[in-house]
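Working notes for the structure below.
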Protein chains: 2
Amino acid sequence: MKRTHSATSLSMENVGQEVVVNGWVNTRRDHGGLIFIDLRDRSGIIQIVINPELNKEAFHLAENVRSEYVIAARGKVLARSEATVNPNLKTGRIEIHIEQMEVLNTAKTPPFYIEDGIEVDEILRMRYRYLDLRRPEMRDNLMLRHRVISTMREFLDKEGFIEIETPMLGRSTPEGARDYLVPSRVHPGEFFALPQSPQQYKQILMVAGMEKYFQIARCFRDEDLRADRQPEFTQLDIEMSFVDEEDIITLIEALMKKVFKESNQIDITTPFPRITYDEAMLKYGSDQPDLRFGWEIQDITELVKDVDFKVFSSAIAAGGVVRVLNAKSCGSFTRKEIDELGRIAVAHGAKGLAWINVRENELNSPIIKFFSEEQIQSILTALDAHPGDLLLFGADQAEVVAKVLGSLRLELGKRLKLYDESTFSFNWVVDFPMFEFDKEERRFVAVHHMFTSPRNEDIPLLDTAPAQVRARSYDLVLNGIEIGGGSIRIHRRDWQEKVFSLLGLSPDEARDKFGFMLEAFDYGTPPHGGIAFGVDRMVMLMRQRDSIRDVIAFPKTQSASCPMTSAPSAVSPRQLRELSLKIRDK
Amino acid sequence: MKRTHSATSLSMENVGQEVVVNGWVNTRRDHGGLIFIDLRDRSGIIQIVINPELNKEAFHLAENVRSEYVIAARGKVLARSEATVNPNLKTGRIEIHIEQMEVLNTAKTPPFYIEDGIEVDEILRMRYRYLDLRRPEMRDNLMLRHRVISTMREFLDKEGFIEIETPMLGRSTPEGARDYLVPSRVHPGEFFALPQSPQQYKQILMVAGMEKYFQIARCFRDEDLRADRQPEFTQLDIEMSFVDEEDIITLIEALMKKVFKESNQIDITTPFPRITYDEAMLKYGSDQPDLRFGWEIQDITELVKDVDFKVFSSAIAAGGVVRVLNAKSCGSFTRKEIDELGRIAVAHGAKGLAWINVRENELNSPIIKFFSEEQIQSILTALDAHPGDLLLFGADQAEVVAKVLGSLRLELGKRLKLYDESTFSFNWVVDFPMFEFDKEERRFVAVHHMFTSPRNEDIPLLDTAPAQVRARSYDLVLNGIEIGGGSIRIHRRDWQEKVFSLLGLSPDEARDKFGFMLEAFDYGTPPHGGIAFGVDRMVMLMRQRDSIRDVIAFPKTQSASCPMTSAPSAVSPRQLRELSLKIRDK
């Protein structure tokens, strides 16, 4: 009994036809001497009716089927009576009256319900992933993911890009995150590394004259996992030759427009707003600003630099800043609610949280006593504060204040529902600094990565003031989450060597780790640049999920293991011996 | 000077237009006070002409450029005079007269010529892969590969398949080939394994109700490498629910037709011939028969079972066979040539090679003296032998004879050019045995793999005669090389347990390694089956190359290393410590 139709391909147009459906028993009801089964397949659900008068044998079979049994059934499509139409079902106007039935496989009772919105321990869902993925929302996640990725491919193919597969077994060049290593059997004591990204290969492909490369690439980072991190993740990786920033930004805006439209019927507006790194840090306290709502942070350092309030003056004296988030309409917050904001501020690095509650004819605040009436007025005027506003102050080094007020802004934006959850708000962040000083390692590290080109006009600063050099990089942010980033790359050996040296790599180390790249630069490397996107994160945001695990077929737990297969696992002594390895006792 | 056109997008239609091209200096010629540069980009070549009277500065730049310099040039497209048209170049009727030029990067002299058909040590080509890939034939290989894969994806997408990414970090279940292992940092002493194929995941996806899955999947085998093997390779992986063999065979024939047509303009005829395993072994001496030419092997065991010739009679007495390859038109072979065939036979396991050279009025052969005139005549008649034929005999166990005569058939087919090299001859091999007895391991091993379903009618034989059980598997062969294989899978736990046990897995081992699959079978597993194709091999055959390394961007050497990046390499003591590993001294 081979399927003639998928469940939801049937409609009123098929009434009278004999059809065969295959699928899973979603539910079974016995009513009025008949058995009703909601049959589920990948497409959705259709009701089948088993009447003992039509086929006694089928009825006996049906009496014994339970949820998740796999069945095949042949019968005639009939219209339901008006009274029994189910408006919640795509196929709710029809049902199939069964003439023949077969049980293809039985099923034990699943450990959780196969339906949306279940509240089940995620480890249990992962252990029985094959049941979890039967739930419509999970199936839809994977189907959208397929659609997103295939639309990306189709778009890039039309634009003349070719997809090239780069190796998974590469060389370990530990910079940034930890590599996953793969021991070599043929070369005892040596290891491959799984790629953190195909960065070096894609640049080499530009040297090779491929001009327009892309890849949906699996990448690996052996890091401690957070909610939105996985040991392996999927990246849309793009690189082009003979281009500048504008070419890549234009391409990506067209790509996003098409992907959102074709895979998810969402219209997005291009071009996306661009904001400099400095402005993003100042106004939104983040280099991934969420522009779904306003609430810009304001700097009042100049205004308060002479006040007596020690929290402000000492921060400014230490080279810091004073900034304010005007929490509009939060004037009604209770002391308890404000104290909670204070705890959030402290959790993000603040020493405390100064605030002014602006009421109709008074100010409520523990700090106004430190200011003159005039000073207060000038602050309120500068901030354009009105009754009902709650002013939240940050006074510290600029990066601390940004983090604290940026976090409060996001927290309140979410709590007060300042934006429509179904909005998709994109923006570019540009003009990142090339380097930031890592206080722990006491050296400069690359903000983007070490192959990023400095801006031409900043080249002289490489020698004199590296911290001021701006990079030719760009990040794409969606709803306050970075989903992609890239840069125009260095294509000259001398510049690359200079950057390696600024990042603390000796010429020997540079040659050892990246010698082949430096050498490649000697053989006619074109100007080039690219970008990479986190596909998991993008699909997660499109589906408004909180975890990328919900858009990955077989994710790992936060301890990087798989409850279904029990990977990782011990291996045989013979396997270890072949790899010339011993386990080190703790 | 941003590119306005790729080199070969220009034609007579652009004459008179001002254009900008970017690319590499393929060659430079100075002639009659002008400089001629063949400028190469990904699309091909265009000639640019630098005239000092048009722009002195550009001319001075051009005087100093050498091969592989990267340049940008602006100028006017002009038609060449009839005398200077180059018919070998797509753009040979035009040239660009340069008004402005810029050197974007310089280049050292490459270690080999950037042109097709070079004879250069492959290790050197791999070390400078970025130069090797600039050669048109290598670029075309990668572009065809992209086209093949994107056509596969497009076809399967339209057929309702969804691509689902399965994990690279899986569980080691050593069966068959050796796994590449990945040590876990979080779980000391435990390892992930890189997938040899996504077999278990794709079956789990069928249990999950995905119904139609595919993936262009990277797979890994840590085996000793042959010419057509790589540590990592790419597989088109397909699985479907509610299907039988016919559904998959029909799907794949349509897929191949489309891929060959759209990616390479080759028309292939479907349906492909099907041949049983037994017939393939008998007639072609191989389970990957090359059907580009006839020359079927014939069995004469019955005919010669009573002759006195000891080589034949003792082989038959030991349960063996006598078979003949009629090497048509090889009757003119010299004794030396025949001796060489003998050496090939011995290399493939024969003890020697008996032969009869059929001449106009005589037979030339060292063995006819052992036969009566009558016996000889009945052999010649059975074989339909004619003057000019060379009969090559194999007498041994069937598998040895098949290998020997099958190899001779292939060798002679190639040497005598019995087929057109540009032919693409597909066939299916079906009805494989489920098991073969591994003499070394003294147990049955799976011919396809352990999840393959036996034929329904052979199920009773599982208990009584496992060697006679036929599998529901099918291999696709192209020009004598297996490019894909698959099967209908077992979907019942009891059958799977029975097969595990026949393959020598104790219930404990089965539960330890495949417990999650057995458990999954308890929860409503649909009937399902699938297939997988070697993409590298397919593209290699399409491009008529001898090595898959020529269709992989960054392949490994036969000692599984990368001459460009020097992977694998030693890693830091800190990395080893974090992974709780020590290197074992040899």
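The values are calculated or read from the model by the stated rules, or taken from the named source; none is laboratory data. Here the structure is a predicted model, which is why all the values come from computation and not from measurement. All Cβ positions, glycine included, derive from the backbone under ideal geometry; neighbour counts span all protein chains shown. What goes into the accessible areas is simple: the full protein's heavy atoms, side chains included, and nothing from ligands, DNA or RNA. Shrake-Rupley method; radii C 1.70, N 1.55, O 1.52, S 1.80 Å.
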query = Where does chain B land at 222 nm, in deg cm²/dmol rounded to the nearest 500, when only DSSP H runs of n ≥ 4 count, each adding -39500 (n - 2.57), divided by all residues?
reply = -9000 deg cm²/dmol
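Probe radius 1.4 Å, ligands and nucleic acids ignored: give me the carbon and sulfur share of the accessible area of the range B:14-125 as a rounded percent. Write down the numbers at each step before the final one.
Numbers: 2640 of 5550 Å².
After summing per-atom areas, the C and S share lands at 48 percent.
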task = State, in angstrom, two size descriptors of chain A derived from its alpha carbons: Rg to one decimal place and Dmax to the nearest whole number.
result = 30.1, 94
message = Considering only C-alpha atoms, what is the centroid distance from the range A:228-271 to the range B:395-447, in Å?
response = 49 Å
key: From phi via Karplus (6.51, -1.76, 1.60), per-residue ³J(HN,Hα) for the range B:548-557 in Hz, x at Gly/Pro   = 5, 4, 6, 10, 10, 4, 10, x, 9, 6
note = For A:Arg442, inter-copy label-point distances (7 Å, Cα→Cβ), nm, shortest first, read 6.6
query = In terms of Cα to Cα distance under 14 Å, which aspartates and glutamates are near enough to B:Lys202, apart from those fewer than 8 places away along the same chain?
reply = B:Glu163, B:Glu165, B:Glu211, B:Asp237, B:Glu239
note = Looking along the axis that carries chain A onto chain B, the residue of A whose Cβ comes nearest, with distance in whole Å, is A:Lys582, 2
message = In the range B:482-523, if the dipole is taken from +1 on Lys/Arg beta carbons and -1 on Asp/Glu beta carbons about the Cα centre, which of B:Ile490, B:Leu518, B:Leu503 is farthest to the positive end?
response = B:Ile490
key: Karplus (6.51, -1.76, 1.60) ³J(HN,Hα), θ = phi - 60°, over the range A:138-144, in Hz, Gly and Pro reported as x   = 6, 4, 5, 4, 5, 5, 5
task = Distances from B:Gln397 to the same position in the other copies: list them in nm, one decimal, shortest first, using label points 7 Å from Cα along Cα→Cβ.
result = 7.6
query = lysines near A:Lys414 by alpha-carbon distance under 30 Å, same-chain residues fewer than 8 away left out - which ones?
reply = A:Lys257, A:Lys258, A:Lys261, A:Lys283, A:Lys328, A:Lys336, A:Lys351, A:Lys403, A:Lys556
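If Lys and Arg each add +1 and Asp and Glu each add -1, what is the summed charge of the other residues whose beta carbon sits under 10 Å from the beta carbon of B:Arg472?
Working: positive: B:Arg455, B:Arg470, B:Arg489; negative: B:Asp244, B:Glu245, B:Asp431, B:Asp458.
So the surrounding residues net to -1.
Using alpha-carbon pairs under 8 Å, 6+ residues apart, how would you state the relative contact order of the range A:253-303 in percent? Could you put the intermediate results ahead of the total?
Values: 29 pairs, mean separation 11.3, N = 51.
With pairs under 8 Å counted, the relative contact order is 22 percent.
Arrange the residues A:Asp287, A:Asp522 by how much accessible surface each exposes, largest first, with a 1.4 angstrom probe. Please list the in-between numbers first.
Numbers: A:Asp287 50, A:Asp522 30 Å².
Largest to smallest exposure gives the sequence A:Asp287, A:Asp522.
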Neighbour cut-off at most 14 other Cβ (10 Å), DSSP loop, GluC sites (Glu not before Pro), the range A:1-83 = A:Glu53
task = Could you tell me which of A:Ala398, A:Ala471, B:Ala254 has its Cα farthest along the dipole of the protein assembly as shown towards the positive end, charges placed at Cβ (Lys, Arg +1; Asp, Glu -1), taken about the Cα centre?
result = A:Ala398
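Against the empirical 2.2 N^0.38 Å scaling, what ratio does the C-alpha Rg of the range A:266-362 come to?
Working: Rg = 16.2 Å, N = 97, 2.2 N^0.38 = 12.5 Å.
Normalised Cα radius of gyration, the range A:266-362: 1.29.
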key: Paramagnetic reach from A:Ser332 (point 7 Å along Cα→Cβ, amide N under 14 Å) across the range A:382-402   = A:388-390
inquiry  = Rolling a 1.4 angstrom probe over the protein chains, ignoring ligands and nucleic acids, what is the accessible area of B:Met281 in square angstrom, nearest 10?
reply    = 40 Å²
ask   = Kirkwood Rh over Cα pairs of the protein assembly as shown into Stokes-Einstein at 25 °C, 0.890 mPa s: D in µm²/s?
value = 71 µm²/s
task = Can you list the distances in nanometres, one decimal and ascending, from the B:Arg511 label point to the identical position in each other copy, with the point 7 Å along Cα to Cβ?
result = 6.0
ask   = Cα to Cα, under 12 Å, and not fewer than 8 places away if on the same chain: which aspartates and glutamates meet these conditions relative to B:Lys310?
value = B:Asp396
message = If you fit an axis through the alpha-carbon atoms of helix B:507-520 and take the longest principal axis of the Cα set of chain B, what angle between them do you get, 0 to 90°, nearest 10?
response = 60 degrees
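In percent, how large is the relative contact order of chain A, given Cα pairs closer than 8 Å and 6 or more residues apart? Working shown, then result.
On the way: 1099 pairs, mean separation 76.9, N = 586.
So the answer I get is 13 percent.
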remark   = Rounded to the nearest 10 degrees, the helix A:335-347 long axis (Cα) sits at an angle to the longest Cα principal axis of chain A of 80 degrees
Spread of Cα-to-Cα distances over 5 Å intervals beginning at zero, given as percent, for the range A:293-418 = 2, 11, 23, 26, 22, 12, 3, 0
query = For the Cα atoms of chain B, what angle does the longest principal axis make with the long axis of helix B:398-415, in degrees from 0 to 90, nearest 10?
reply = 30 degrees
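What fraction of the DSSP beta bridges in chain B is antiparallel, stated in percent and rounded to the nearest 5? Don't jump to the answer; show the numbers that get you there.
On the way: 90 of 97 bridges.
That works out to approximately 95 percent antiparallel.
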